[in-house]
Amino acid sequence: MKKDTEHNFKEILIKQGVSKLKKFGFINVSKTNIVTDEVYSLYFSKILQELLGINLETDAAINQLIKSMNNKIYE
């Protein structure tokens, strides 16, 4: 159950991140490239870091998402 909740939360974070980056003017950002493109993920990770400290479950999901983005960029 925790894995499903974490996955759903990551999806929500990604969707909100795409929306926010589009407002910043990144019109080509998508749910896929926000976690793989070096520029988009840089901005997105800064947004995520600002959300840290809400609670332990949220922090775990955010940290896992940031870690997976870093791994995709450096592959």
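None of the figures in this text is laboratory data; all of them are computed from the coordinates on show. Predicted model only: the values in this text are computed from it and were never measured.
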Which whole-number percent is the relative contact order of the chain (Cα, under 8 Å, 6+ apart)? 30
Of (1) 12.4; (2) 15.0; (3) 13.0, the label for Kirkwood radius over Cα pairs in Å derived from the coordinates: (1)
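Please give the calculated 222 nm ellipticity per residue for the chain, where each DSSP H segment of at least 4 residues contributes -39500 (n - 2.57) and the sum is spread over every residue; nearest 500 deg cm²/dmol? Before the final figure, lay out the partial values.
Values: 3 runs with 54 residues, N = 75.
That calculation yields -24500 deg cm²/dmol at 222 nm.
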